[in-house]
Each structure stands twice: as structure tokens, then as C-alpha cells.
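J.: I am attaching a structure below and will ask some questions about it afterwards.
The values are calculated or read from the model by the stated rules, or taken from the named source; none is laboratory data. Predicted model only: the values in this text are computed from it and were never measured. Neighbour counts are summed over all protein chains in view; Cβ atoms, including those assigned to glycine, are modelled from backbone coordinates with ideal geometry. With ligands, DNA and RNA removed, areas are computed over all heavy atoms of the protein, side chains included. Shrake-Rupley method; radii C 1.70, N 1.55, O 1.52, S 1.80 Å.
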Amino acid sequence: MSNTLVINADQGQVTIDRNIYGHFAEHLGHCIYGGIWVGEDSTIPNTRGIRNDVVQALREMKIPVLRWPGGCFADEYHWMDGIGPRAQRPTIVNTHWGMVTENNAFGTHEFMDLCGQLGCEPYICGNVGSGTVLEMQQWVEYLTFDGISPMADRRRANGRAEPWRVKYWGVGNENWGCGGNMRPEYYADVYRRFQTYVRHLSGNKVYKIACGANSRNYYWTEVLMREAARHMDGLSLHYYTRLGWKPDRGQATQFTEKEWFGILREGLAMDELVRKHATIMDAYDPEKRIGMMVDEWGTWYEVEPGTNPGFLYQQNALRDALVAGSTLNIFNNHADRVRMANIAQTVNVLQAVILTDGPKMLLTPTYHVFEMFKVHQDAKLLPVTLQSETYAYGEESIPALNASASRDAEGTLHLSLCNLDPHRPLEVDVTVHGLAATQVSGRILTDAEMAAHNTFDEPNRVRPARFDGATLRPGGMTVRLPAKSVVVLSAK
Ligand code: AHR
């Protein structure tokens, strides 16, 4: 069978929201502490305590939005612990992640400074599980109110005269689990109550995001849409790609082809999840006003041997790059409903785009996928029809190829392709309607080994290279994709 792809370059209607390329940073392991925050006195180059190398890398990747402070941590976080002079902030215990002490050095002002340095939107997740309505209401007031009020005055006393702009507010995290073990019926009412006090203040228009389902819990989506749709702007969804549960989640860089296949199969399940949750949302919101916010996703393996099990530190291999590329293709293709996604997590945790070791930093294969795919941000999604050979392992098979395409404001067409087959190069015949391209260029991420990854000794083993495997022909092009590769082409 041959592989064919038809792109309608003149039919772009839906914009791919840049926030689909978003990230998530929790007070967990060395994501914030060590990975982002080193403190002003550190010998690691920093700006007001925030690592310069990490900021520069994330800016180059064009990070659009950052979710914080959790995760499970968010529903135990009391934001007032993280404001005011650092020496006076209380030291608490991070009960969810390793029972380590947390001195609250990184709090609201530091997070807003980070977003400013990154040039990205902040997305703050409030505490519903163990917090109060008042706390949440005051946090919004502290950050965004311009006038005279106890919270705005407190912000000024802490050195920030102007209010910030914070559009995205999460009203709780995983309230079906670590955020309070609630039933959807109960959470829907709690959500309605809390969100009442997440107000538009001083011209800051808030976008309220309700806690959504875990994976295939369609009942949760049904109840939330039925009971609270008119009070929300977004509904989240969490889905992690894993092969099993502790201690059988497998390793990030030591795996068999069976595990390669299994992780990619589980990654592709995101398409089914988005479709099914979207079908329920469509029944209550046919205009698609409410965004699906996949605000936690990514691969989840056993931690690296010898590291704290509560820190969720894992390496990142070419296999993760293929999960990232395939997932981003899925989100692009559902951009009519998916308005934000946040890979977990930015630095040193789960499917991180950056790993650090003291002053050293490396970019993972997943980072390179985000950087290559950034051309899709805010471009018009182009409808594609793909016929793909399968990649079979044992009795099972999955489509070997996946793709998405967009056209940017300058008229350039961008096509991202993944070949999941670890053995076979594949040729794709691409027909392009509505654009007679005269030039094509591309970049590729691949390696001879399935488990290829970057280390502090060899940080550039997996990195993008120039791709010359696309040949224009009248009406389209032929693309020769090497085995286990991610390719992004630009044609005009
Ligand atoms: O990302 C790690 C954890 O996974 C988050 O804290 C939680 O929301 C999810 O279960």
C-alpha cells in the first residue's frame, strides 16, 4: 500500500491557538527549584533568581503559556505563603511530592517575573481542594486589581505598583483525585461557587477553566457540561501516556520494541479521547465557545534509577519526541476545540523539554519537537486527508504516519510528519490543492537508535538536522521519511 496525503491549502478556517504549545511547571522535584529558580545569590547566571539559560531556551522554543503552581501541589498551596520578604515566608512541607521542605522562595511575584522574562501568558491554578473561596478571590484581587483595596495595597507594599494581567485561571486541579476526591456532581457545584469570585477586575478579562476529566472518564465531562457549562470558558483534560502503573511503567531509555510500540499506541489514544470528550462538549456547546484545555499530558515512566521516587525525574528519548510530534499533530487537527495544552512538565519532571544538573542544562528531543513545530502557532489549520501504511508489532498495528498542516500569515505552508515505524523508511505522495509551491525546505529529528537521547556528556546527540527528502512535483511533492523520524517542512 502507498501513503498518500492530500492538503487543502486554500481551506484554512480554524486558527491553531498558540497555547496548544503550552507548558506546565509545578513545585515538584527540581522543576521549579534548581530547574527554574536558583536564587539571586546563585553562581548559576540568573536574572532576579531565575536561570538565564532556561529562560533563553524556552523563549527560543516560543513558549506561549505556562501553568503553575500545580498539579496536585496547587490544591495544597496557600498563595499568601509565597509573597512578601523571602526571609519571612513560612517553610512548609510538600506533602504530595517527596515530603520535602518548601521555603516558598518562588511565589506569585517570582512566577509573574518568570512569565515576563519568557514573554508568555501566565496560567494560575487556584486551590479548591484545601483552600477557600476567599483565598482564591483575594489572589485574583492581589494580582489584577488597580484600585485601592486590601489586596491591591498589599501587592504595592510588596513592590509591585501596577496590577498584572492574568487571563487564565484554573479552578482546582484533578478534583476527582488529589484535589479533593470529589464526585462530578459535587465538584460542579463547588466550581460554580468558586468561579463566582474569580472576577474581571480593572479591565483584566479572566478565562475560567474548570477541572475536567481524567483520561476516559466521559461521565465527568457530561456532568460538568450539563451543570456548569455556562459558568466556564474552558474545561481541562488530563491524559498521561504510560504502559502501566508503578513499578511497571518501564524506563525512559531502556526499553524493547514492544515498549516502543506500546507507548506510541498509548500516545495515539489522545485522538480518541479528544474526539469523545469533544462530542460530549458539542452536545452542550455546539458553537464551540468552551475550549478543551489538555493542561497535563506527556509520557510517564519509572524515575531514573537512584533518584527520589517523589521527584518524577525521567530521561527523554527519541520515542518521546515521536509521542510529542504525534500528540501535537492531534491537537492541531482538533484546533476547533482544543485551545490549550500543557505538557508535563517544563524542566526535570516527566516529559520535560529541559533537564538540568547544577549549572548544566540540556535540551531533550521533546524540546526540539516543540521548537520545530512552533511554526504552527497561530497559523490556519489546513484540512488533511492521510492514508498511511500500518506499523505492526505482534498482533497489533497502528498507523505508521501522522501529520498536520497549517498556513501562516505570510502564506507559507507548514507540514509536520511523524514516521513511527522504527525500521522502515516510508515514502508519502503529497497532493497540495490551492498552492503551487516552488520551494520546499525542511528539518528532521531522528537517530539510528530508538532510545537515543541527550546526556550532559553528549547534549547534542539528538537535535534537528536539515532535511532534503522532499521533492516538489506539479501539484504537490514526494517526501521520503526515514524510519522513526519527525519532519517539519515549509513550502511556498
Ligand atoms: O504532573 C504530575 C502530577 O500528575 C500532577 O501534579 C497531577 O495533577 C497529575 O496527577
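J.: Once the cut-off is 17 Å, how many percent of the Cα-Cα pairs in region 255-356 end up in the long-distance tail?
T.: On the way: 2901 of 5151 pairs.
More than 17 Å apart: 56 percent of the Cα pairs in region 255-356.
J.: Let me ask you something else. Do any chymotrypsin sites (Phe, Trp or Tyr not before Pro) in region 213-259 lie in a loop, going by DSSP, with at most 10 other beta-carbon atoms within 10 Å of their beta carbon, and if so which?
T.: Listed in order of number, the matching sites are W245.
J.: Further, regarding this structure: What FRET efficiency do you get for Q254 and E60 if R0 is 30 Å and r is their Cβ-Cβ distance, rounded to the nearest 0.05?
T.: According to the calculation, E is roughly 0.50.
J.: If you add up the charges near H334, with Lys and Arg at +1 and Asp and Glu at -1, over every other residue whose beta carbon is less than 14 angstrom from its beta carbon, what do you get? Could the numbers behind the result be given before it?
T.: On the way: positive: R275, K276, K288, R337, R339; negative: D17, D271, E272, D282, D336.
Taking every other residue near H334 into account, the sum is 0.
J.: So, for region 165-298, what is the accessible surface per residue at a probe of 1.4 Å, expressed in square angstrom?
T.: With all protein chains present, region 165-298 gives 42 Å² per residue.
J.: Compute the relative contact order of region 363-418 as a whole-number percentage, counting only Cα pairs closer than 8 Å that sit 6 or more residues apart in sequence.
T.: Numbers: 70 pairs, mean separation 17.8, N = 56.
Worked out over region 363-418, it gives 32 percent.
J.: Right, another one. What relative contact order, as a whole-number percentage, does region 110-202 give when Cα pairs under 8 Å and 6 or more residues apart are counted?
T.: Values: 108 pairs, mean separation 34.4, N = 93.
Dividing the mean separation by the residue count of region 110-202 yields 37 percent.
J.: Then there's this: Between 0 and 90 degrees, rounded to the nearest ten: what's the tilt of helix 257-284 against the longest Cα principal axis of the chain?
T.: 70 degrees
J.: Here is a further query. Please state the charge dipole magnitude for region 96-225, taken about the Cα centre, from unit charges on C-beta atoms (+1 on K and R, -1 on D and E), reported in debye and rounded to the nearest 20.
T.: Roughly 280 debye, rounded to the nearest 20.
J.: Counting Lys and Arg as +1 and Asp and Glu as -1, what is the net charge of the other residues whose Cβ lies under 12 Å from the Cβ of D10?
T.: Net local charge, D10 excluded: +2.
J.: For the chain, what % of the accessible area comes from carbon and sulfur atoms, probe 1.4 Å?
T.: Accessible surface attributable to carbon and sulfur in the chain totals 50 percent.
J.: Could you give the size of the charge dipole of the chain about its Cα centre, using +1 on the Cβ of each K and R and -1 on the Cβ of each D and E, expressed in debye and rounded to the nearest 20?
T.: Numbers: 48 positive and 56 negative charges, 192 e Å.
Computed about the Cα centre, the dipole is about 920 debye.
J.: Over 30 Å between Cα atoms: which of K208/K246; K205/K288; K208/K484 fall into that group?
T.: Pairs exceeding 30 Å: K208/K246; K208/K484.
J.: Tell me, in nm to one decimal, what length is gained between T101 and R463 on full extension, where the rule is 0.36 nm per residue of separation less the Cα-Cα distance? Don't skip to the end; give the middle numbers.
T.: Working: separation 362, 0.36 × 362 = 130.32 nm, distance 3.63 nm.
Roughly 126.7 nm would be gained on extension.
J.: A follow-up question, please. What's the local net charge at E222, with K and R +1, D and E -1, over the other residues with C-beta under 14 Å away? Provide the component values of the computation, followed by the final result.
T.: Working: positive: R183, R216, R226, K276; negative: E185, E227, D282, D285.
With Lys, Arg at +1 and Asp, Glu at -1, the neighbours total 0.
J.: Can I ask one more? On C-alpha positions alone, give me the angle between the axis of helix 318-333 and the longest principal axis of the chain, in degrees, nearest 10.
T.: 80 degrees
J.: So, one more: Per q in 0.16, 0.17 Å⁻¹, report the Debye log10 I(q)/I(0) for region 335-492, using one uniform scatterer on each alpha carbon and no solvent.
T.: Ignoring solvent entirely, the Cα scatterers give -1.01, -1.12.
J.: Measure nothing but the geometry: give the 0 to 90° angle between the long axis through the Cα atoms of 108-118 and the longest principal axis through the Cα atoms of the chain, rounded to 10°.
T.: 30 degrees
J.: Does anything in region 70-110 have its amide N under 16 Å from the 7 Å Cα→Cβ label point of N181, and if so which residues?
T.: Under 16 Å, as judged by backbone N against the label point of N181, lie 76, 96 of region 70-110.
J.: Here's a follow-up. Seen from all sides and averaged, what is the projected area of the convex hull of the Cα atoms in the chain, in nm²?
T.: Over all viewing directions, the chain projects a mean Cα-hull area of 22.4 nm².
J.: Rounded to the nearest 500, what is the 222 nm mean residue ellipticity of the chain from helices alone, with -39500 (n - 2.57) per DSSP H run of 4+ residues and division by all residues? Could you put the intermediate results ahead of the total?
T.: Working: 9 runs with 117 residues, N = 492.
Helix-only estimate at 222 nm: -7500 deg cm²/dmol.
J.: Something else: Give me the percent relative contact order of the chain, please, defined on Cα pairs under 8 angstrom at least 6 residues apart.
T.: 19 percent
J.: Now, a different point. Can you figure out the FRET efficiency of S130 with E449, using R₀ = 56 Å and their beta-carbon distance, to the nearest 0.05?
T.: 0.80
J.: So if I place +1 on the C-beta of Lys and Arg and -1 on the C-beta of Asp and Glu, and nothing else carries charge, what would the dipole magnitude of region 172-271 be about its Cα centre? I want it in debye, nearest 20.
T.: The calculated dipole for region 172-271 is roughly 340 debye.
J.: Can you find, among H368, N316, G131, the residue farthest towards the positive end of the dipole of the chain? Put +1 on the C-beta of Lys and Arg, -1 on that of Asp and Glu.
T.: About the Cα centre, the residue reaching furthest to the positive side is G131.
J.: Further question on the same structure: Taking a point 7 angstrom from the Cα of K288 along the C-beta vector, which residues in region 1-34 have backbone N less than 18 Å away?
T.: Correct set: 8-21.
J.: Shifting gears a bit: Just in region 155-228: which trypsin sites (Lys or Arg not before Pro) are loop by DSSP and have at most 12 other Cβ atoms within 10 Å?
T.: On the way: sites: R155, R156, R160, R165, K167, R192, R193, R199, K205, K208, R216, R226; in loops: R160, R165, K167, R199, K205, R216.
Filter output for region 155-228: K205.
J.: Moving on. Please report, to two decimal places, log10 I(q)/I(0) for region 30-80 at q = 0.14 Å⁻¹ as given by the Debye formula with identical point scatterers on the Cα atoms and no solvent.
T.: Results for region 30-80 at q = 0.14 Å⁻¹ read -0.44.
J.: Ok, one more. Looking only at Cβ-Cβ distances, which cysteines of the chain have no other cysteine closer than 4.7 Å?
T.: C31, C115, C120, C125, C211, C418
J.: Can you compute the modelled spin-label distance between K205 and D153, with each label point 7 Å from Cα toward Cβ, in nm?
T.: Between K205 and D153, the simple spin-label model gives 3.2 nm.
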